[in-house]
1. Taking the simple approach of a point 7 Å from Cα along Cα-to-Cβ for both ASP273 and ASN107, what is their distance in nm?
2. Using the Cα centre of the chain as origin and beta-carbon charges of +1 (Lys, Arg) and -1 (Asp, Glu), tell me which of TYR153, ALA120, ALA15 is placed farthest towards the positive end of the dipole.
3. Relative contact order for segment 2-293: what percent, with Cα pairs under 8 Å and sequence separation of 6 or more?
4. Projected onto the charge dipole of the chain (+1 at Lys/Arg Cβ, -1 at Asp/Glu Cβ, origin at the Cα centre), which of GLY172, ALA254, GLN57 gives the Cα projection farthest towards the positive end?
5. For LYS234 and GLU50, what does the FRET efficiency come to when R0 = 22 Å and r is the distance between their Cβ atoms, rounded to the nearest 0.05?
6. Put TRP19, TRP79, TRP195 in order of accessible area, largest first, 1.4 Å probe: what do you get?
7. About the Cα centre, and with charges only on the beta carbon of Lys, Arg (+1) and Asp, Glu (-1), how big is the dipole of segment 28-146? Nearest 20 debye, please.
8. Can you tell me the dipole magnitude for the chain around its Cα centre, using point charges on the Cβ only (Lys, Arg +1; Asp, Glu -1), in Debye to the nearest 20?
Amino acid sequence: MEILWKVSLTNYTFACKEWGFFQLINHGVCNSLIEEFKKEIDEFFKLPLEEKQKFGQLKGDIQGYGQMFVVSDEQKLDWADMLYLITLPENLRKPHILPKFPPSLRNVVEAYSAELKKLAMKLLNIMARALEIKPEEIETLFEEGLQSMRMNYYPPCPQPDQVIGLSSHSDGDGLTFILELNDTQGLQVRKDGTWVNVKPLPSAFVANIGDVMEVLSNGTYPSIEHRGVVNSVKARMSLATFLSPSIHGEFGPAPSLLSSGTPPKFRRIGSLDYLKGAFAQKELAGKSFINTLRI
Ligand code: OGA
Ligand code: NI
C-alpha cells in the first residue's frame, strides 16, 4: 500500500485528521531552488569525512554533522549520517556551521529556509481556520518560531532487516516538511498498526503534523509515528525542515477550542521547557514525550 494523497493547499483537512501525513504539491516553492538544494546536499555528503567533521557536533550539542539521540557507547545507532542545524531565529545559528558552509550551500540553505517559513505559516493559517482556531493563537506562537533542518544520508546496508535508518518516532515540532532528495524509497508511516510506504514524488513535500500541532488542535490533528528503513543497494537521502514554537512562549490546546463541554486534553507548557524535554529523550521511542502532557 502506498500513500498517494496529492494534496493542494485548499484540500487536505481529511489527510490531516486521518493520516497526519500528506504529499503537498502546488506549494509555490520554486523547483529550481529545490533542485539546487538537492545537488548541494548530495555534494556535502560526498565530501571527505575530515571536511564534514569540520561541521561536527560539539560536545553536548545536537547541531552539526553526526548522529542524534546518542546516549551510550553500547546502544545500536541508526543506520544514517545526518547534519542538523537551527536555521531560525538567526541568533541561534552556530558560528561553525551555516556561516562556514561553502557559499553555494549557504545561499541555498538561507533561501530555502525563508521559503519554507513562508509556506509553513501559510499552511498553519489554513489549518487554524479549518480547525476553527483563531489564527493569531497559532501565528503568534510560530511567527518567531524555531526552524531547524535535518539532512539525512542513509547508506545502503547489505542486511537491511538488521538495521533501522531512523527509529520510529513522532516529530516534536509543529509542522514538518520532508523533501526526498533521490528516488530511493524508505519513509514509512504507521497507520492503524501497519507500516505504510511513502512513495517519493519529485518536487512534492511530504508534510506531517508534529506533536505541538496535536496539542494545539486538542488532539484533532494527531502526530503520527514514522520511521526510515534502508535499502540493500541504494543510498537514500532526505531533508526534513521543522517548525517549532518560539522559545519565548508557552502553549497548550488553543483557547478558542475549549469550553465546558470540550475540556483540554493536554496541559500547557513553556516552549523552552517543552523543547528541552523533547530533545532530552533517551531514545526516539514513539510518542513518549507528548504523552507526558496528556491530562
Ligand atoms: C525526521 C524524519 C524522515 C526521512 O528527520 O524526523 O522523520 O524520510 N525523517 O528521513
Ligand atoms: Ni520525523
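1. In this crude label model, ASP273 to ASN107 measures out at 4.5 nm.
2. ALA15
3. Details: 564 pairs, mean separation 65.2, N = 292.
Taking the mean separation of contacting Cα pairs over the length of segment 2-293, I get 22 percent.
4. ALA254
5. Details: r = 26 Å, r/R0 = 1.17.
Calculated transfer efficiency: 0.30.
6. Numbers: TRP19 30, TRP79 90, TRP195 65 Å².
Descending order: TRP79, TRP195, TRP19.
7. Details: 16 positive and 21 negative charges, 38 e Å.
With only Lys, Arg, Asp and Glu charged at Cβ, the dipole is about 180 debye.
8. Values: 32 positive and 35 negative charges, 38 e Å.
Roughly 180 debye for the chain.
The values are calculated or read from the model by the stated rules, or taken from the named source; none is laboratory data. Keep in mind that what you see is a predicted model, and the values were worked out from it rather than measured. Cβ coordinates were reconstructed from backbone atoms using ideal geometry, including for glycine residues, and neighbour counts include every protein chain displayed. The accessibility values were calculated without ligands, DNA or RNA, using every heavy atom of the protein model including side chains. Shrake-Rupley method; radii C 1.70, N 1.55, O 1.52, S 1.80 Å.
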